[in-house]
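> Pasting in a structure now, in structure tokens, and then I'll have a few things to ask.
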Amino acid sequence: MSTADRSDADADGTAVALTVDGDQVELSVAPETSLLRALRDAGHLATTGACEQGECGSCSVLLDGRMVCSCLVPAVTCASAEVRTVTSLCAPDVADALVAHGAVQCGFCTPGFVVAIETALRTAGDRVLSTDEMHEHLAGNLCRCTGYAGLVTAALEVQRARLAAGAGRST
Amino acid sequence: MSVTAPTRSASPSIGVDHERPDVRAKISGEFEFSNDAVAPGMLFGATVRSPHPHARIVAIDTRAALAMEGVVTILTADDVPGDRIIGHITADQPVFAFDRVRYEGEPIAFVIATSQRLAWRAADAVTVEYSPLPVLTDPEAALDPDAPLLHPDGNLVRRLVIDHGSECHGAEVEVSGTWWTGRQDQAFLGPESGLARPDPDGGVTVLIATQDLHLDQVQIAAALGIDTSLVRVVCGGVGGAFGGREDVTCQIHLALAALLTGRPVKTTFRRRESFLAHPKRHPARLAYRIGADRDGTLRYVWARIRLDGGAYASTSMPVIGVAAYFAAGPYRFDGVDIVGESVYTNNPVSGAMRGFGAVQACFGIESTLDLLAAELDIDPVELRRRNALRPGDRFPTSGQIVGPSAPVIEVIERCAALPLPEPSPQLHPYARPGGTGLTTLGEGVRRGVGFAVGVKHMLYGEGTPEWCDATVRLSSGGVEVLSAAVEVGQGITAVLESVAREELEPALGEIPIRVGPASTAAGYAGSSSASRQTWMSAGAVRAACRDLLAKLDLAVVSDVGWEQAVTDQVIAGEATYRPRATEAGDPTTGRGDVHVAWMFVAHRAVVDVDVELGTVKVVQIATSQDVGRAVHPREIHGQILGGIAQGLGLALNEELRVHDGIALNPSFTDYLVPTAADMPEMLVDLVEVAEPEAPYGLKGVGEPPSLSSTPAIAAAIRAASGAPLRRVPIHPDDIVTMTATSDPVEVPET
């Protein structure tokens with residue numbers, strides 16, 4: 001979908017070239033445009049925004065490998081950055097575990113949780129996370145539907161399976 | 001939680017878990033939510049809202065905003081061609097305020113521009129001159145003779161009396177207590193959003209995140225002054241609802257803008273606007289007296305309930321009805337004397353939220369029962385078990401005979417028997433009250449256990465007409481199920497598919513089944529609310545499938561298979577499902593056939609409380625819930641766990657605080673939705689006693705988790721701390737200072 005169709009980009013904005021999920025992208029952004037809005041204006045709609053003040057985690061993405069709330073990052077600061085959204089981070093084992101544990105209802109928070117789960121597992125490396133620790137790792141993302149149990153259980157299950165398979169990380 | 005592998009049995013689809021049709025797209029981010037919708041050439045809208053809770057509108061000046069480049073037009077009440085006052089039960093709410101505003105955030109104008117950011121900027125440039133009026137913020141003062149009059153017929157939305165049985169005094173023991181619940185927001189994550197486009201026939205199509213396509217349709221048509229058939233409402237992807245999408249927010253504004261500009265128009269609310277725009281759970285005052293014999297046999301319940309309805313009626317009429325009808329809980333009483341009132345104030349509009357009045361009533365009756373248990377020195381669980389309704393009893397308020405699916409004693413006993421957590425508080429910081437803040441080494445931590453029981457009806461009740469349509473089309477591509485049932489995340493799409501599979505596959509064999517888009521073109525389904533949609537849609541789809549099968553020559557199907565039998569035909573099964581009708585209760589006694597069936601639930605909460613700091617860690621919630629027959633066990637677990645989280649929020653964290661009619665914390669920074677770190681271990685037990693009135697014996701499951709989880713947590717904190725705790729959410733101050741938070745109010749006897 002073209003930027004023109006969305007009619008919400010800033011035509012007079014600053015051009016910012018960056019990588020989104022492996023693709024070279026050029027965004028036209030105003031000084032106050034967040035990375036979240038810039039991504040969505042450019043048609044990258046997988047990342048959702050629920051609060052736009054860094055409280056809910058729905059808009060979580062990896063920015064040069066670090067998880068950020070994309071709503072808090074000015075897009076003009078992202079020149080040459082590598083952004084990864086749920087689109088390239090959603091691993092089949094995480095998806096299968098979320099399905100199996102009923103971790104998805106309305107789904108608005110889910111893309112952000114996929115990013116948060118992947119980040120938690122990468123951060124933990126080879127260290128097995130306890131249930132309490134996984135609750136803390138995922139506490140930056142709000143879910144209003146599920147009560148978190150399915151999300152936490154799915155994340156723990158994926159970690160155990162990956163460690164058992166000898167791979168603490170996956171892409 | 002249990003995960004059951006799909007198996008084939010005599011009952012191949014109902015009762016086993018299935019992968020939801022929407023789940024993969026939601027995980028990958030490809031699912032289209034309402035705010036993802038686009039249309040070529042679309043414009044964007046932004047709402048001008050009142051900063052005052054009560055004021056006369058002197059003048060609206062749009063000139064500066066209109067002069068901004070890219071601003072197309074600005075709509076106000078003068079542009080509404082049809083009804084300027086709408087409302088889905090009581091018409092009392094302006095599409096745009098035109099003479100005065102009655103709450104902070106009330107819509108005054110809708111600015112249409114070429115980008116969302118520009119529309120917001122232009123909305124800020126609209127100047128409105130106000131003349132402030134006296135603000136009515138105290139619901140206790142709303143009916144006073146000198147209270148500001150907010151609506152022509154007075155400030156009372158509805159008073160409901162349920163009075164029958166023996167005189168409500170003279171029992172061997174009487175306890176009394178007054179309780180309060182705060183203003184909870186649905187806080188769904190997907191902000192309000194929609195996209196309207198003009199149709200060639202002069203009508204309009206509105207894509208919207210909603211709970212009821214047809215209620216939106218009739219209100220849009222009324223405001224536009226066009227025939228209902230010219231308004232098409234299509235369900236956009238809904239990012240959670242919980243009652244907060246039953247009322248119109250941007251629907252009419254968008255439709256009007258699309259018709260007046262001749263172009264598609266979209267809007268998406270920001271979080272603060274979302275908090276201001278949709279009605280919330282009613283704050284409640286619940287004054288109770290319960291009389292009992294010394295042996296714990298309940299005799300009477302007296303309750304005076306007042307709900308703060310806010311500025312407009314929204315669903316206050318049925319909500320106070322539900323609060324009153326469930327004010328006696330699922331218990332045997334000889335005498336019932338209940339008066340429920342919902343009143344207008346200049347506070348935010350109150351409306352539907354999961355539990356719909358029964359949440360507040362449950363907190364009142366259950367908290368008072370704990371006072372009685374303490375007075376009689378009877379175990380709180382035993383007091384409830386001893387007085388629980390049994391099949392064949394009369395429901396205490398309506399007087400209806402309770403049918404065979406009334407496992408009240410079962411949910412109490414089974415919940416109480418679920419394993420308790422380790423007895424001593426764990427020392428790991430994650431598990432302590434105060435969490436990783438390391439506020440305690442455990443020296444001031446006390447553990448408490450609380451128990452509560454909840455009850456609510458399913459379906460609308462009180463005589464509201466209710467039906468549900470479905471169409472099932474068989475073609476060479478397989479089966480398509482057409483329904484207007486809205487998927488709000490609860491899994492209704494999976495239910496529709498499972499019911500069709502259950503009904504059709506024994507005759508047709510394996511067949512592709514897909515669920516078509518929900519829209520007003522797909523018949524009527526009513527709202528996804530009131531724990532009704534699974535029951536209603538299952539009834540409709542089941543009947544439509546049976547109609548389809550009756551139109552087929554099953555012998556031929558059996559011989560040649562469905563693909564050969566159908567060839568290039570399209571064969572449609574259609575049905576309208578109607579549950580047993582209800583009636584309004586008697587105006588004096590409240591008795592009558594007001595509800596079709598009930599859901600029962602018990603919760604036990606275990607908490608650790610730092611009695612010096614007032615911090616609370618919920619350690620475990622155990623629940624047994626009456627589900628009739630579990631349609632999709634995994635999805636039911638999801639409803640239960642999510643409902644408990646909201647119940648925990650109401651108990652501890654969640655309150656939209658309002659001062660002089662102004663919301664103080666309309667953001668996720670200050671309105672505290674529970675996080676993963678707040679959630680305890682949860683044990684879930686499903687009690688299955690088939691409901692004879694319902695298709696497949698199923699019951700709704702969405703609301704019960706929010707009923708008794710809150711009072712169970714409050715009871716546990718009282719047990720741990722000894723603080724009286726008359727109000728939820730419970731703040732650390734309430735625990736440390738041992739106060740009841742609010743001053744008692746004088747509640748009239750009559």
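Laboratory data are not the source of any read-out in this text; all were calculated from the coordinates shown. Quick caveat, the model's predicted, so the values are computed rather than measured. Don't worry about glycine lacking a Cβ; one is built from the backbone with ideal geometry, like all the others, and counts go over all protein chains shown.
> What are the extents of the Cα atoms of the protein assembly as shown along their three principal axes, listed from largest to smallest and rounded to whole Å?
Answer, in whole Å and largest first: 78, 75, 65 Å.
> For n ≥ 4 DSSP H runs only, could you compute -39500 (n - 2.57) per run for chain B, divide by its residues and tell me the 222 nm figure to the nearest 500?
Calculated mean residue ellipticity at 222 nm is -7000 deg cm²/dmol.
> Continuing with this model, one more query. For B:SER708, B:SER529, what ranking results if the residue with the fewest other Cβ atoms within 10 Å of its Cβ goes first?
Fewest-to-most Cβ neighbours within 10 Å comes out as B:SER529, B:SER708.
> So, one more: I'd like the distance separating the alpha-carbon centroids of the range B:366-417 and the range B:71-131, in whole Å.
49
> What residue among A:THR48, A:THR19, A:THR85 shows peak mean-square fluctuation when chain A is described by a Gaussian network model with Cα springs under 10 Å?
A:THR19
> Right, something else. Which one of A:LEU121, A:LEU35, A:LEU45 has the biggest mean-square fluctuation once chain A is modelled by GNM with Cα springs under 10 Å?
Among A:LEU121, A:LEU35, A:LEU45, the largest mean-square fluctuation in the Gaussian network model of chain A belongs to A:LEU45.
> Apply the a/c threshold of 1.5 to the C-alpha gyration tensor of chain B and tell me whether it is rounded, prolate or oblate.
Oblate, since a/c reaches 1.5 and b/c is not below a/b.
> Test of understanding: ordering B:VAL218, B:VAL449 by Cβ neighbours within 10 Å, fewest first, what list do you get?
Sorted ascending by nearby Cβ count, the order is B:VAL218, B:VAL449.
> Between B:ALA521 and B:ASP227, what length in nm is gained on full extension when 0.36 nm per residue of separation is reduced by their alpha carbon distance?
Fully extending the segment from B:ALA521 to B:ASP227 adds 104.4 nm.
> Say each of B:GLU375 and A:THR77 gets a label point 7 Å from the Cα, pointing the same way as Cα to Cβ; how far apart are those two points in nm?
6.1
> Also, I was wondering about something else. Which trypsin sites (Lys or Arg not before Pro) does the range B:608-693 hold that lie in a coil by DSSP with at most 16 other beta carbons within 10 Å?
Here the sparse-neighbourhood loop sites are B:ARG657.
> While we're on this one: If each residue's Cβ is checked for other Cβ atoms within 10 Å, how do B:TRP120, B:TRP535, B:TRP598, B:TRP467 rank with the fewest at the top?
B:TRP467, B:TRP120, B:TRP598, B:TRP535
> Continuing with the same structure: Note the full-extension length gain between B:ASP99 and B:MET317 as 0.36 nm times their separation in residues minus their Cα-Cα distance, in nm to one decimal.
76.0 nm
> How large is the charge dipole for the range A:90-164, taken about the Cα centre, if only the Cβ atoms of Lys, Arg (+1) and Asp, Glu (-1) carry charge, to the nearest 20 debye?
That gives a dipole near 100 debye.
> For B:THR297 and B:THR464, what is the calculated FRET efficiency with R₀ set at 56 Å and r taken between the beta-carbons, to the nearest 0.05?
0.95
> Separation between the B:TYR430 and B:ARG63 pseudo-spin-labels, each 7 Å from Cα along Cα→Cβ, expressed in nm?
6.4
> So for chain B, taking the charge dipole from beta-carbon charges (+1 Lys/Arg, -1 Asp/Glu), which of B:LEU552, B:PRO380, B:PRO318 sits furthest toward the positive end?
B:LEU552
> I would also like to ask the following. Along the Cα-to-Cβ line of B:SER558, 7 Å from the Cα, sits a label point; which residues in the range B:472-506 have backbone N less than 18 Å from it?
Residues passing the 18 Å test: B:503-506.
> How long is the gain from B:HIS169 to B:MET738 if the chain were fully straight, where each residue apart is worth 0.36 nm and the alpha carbon distance is subtracted?
Taking 0.36 nm per residue and subtracting the Cα distance, the gain is 201.8 nm.
> Ignoring the sites themselves, what is the longest stretch of chain A with no trypsin sites (Lys or Arg not before Pro) in a DSSP loop and at most 15 other beta-carbon atoms within 10 Å?
Counting at most 15 other Cβ atoms within 10 Å as exposed, the longest clean stretch of chain A is A:1-126.
> Need one number: nm distance between label points at B:ALA690 and B:LEU418, each 7 Å from Cα along Cα→Cβ, rounded to one decimal.
2.6
> Rounding to the nearest 20 debye, state how big the charge dipole of the range B:383-522 is about its Cα centre with +1 on each Lys and Arg Cβ and -1 on each Asp and Glu Cβ.
900
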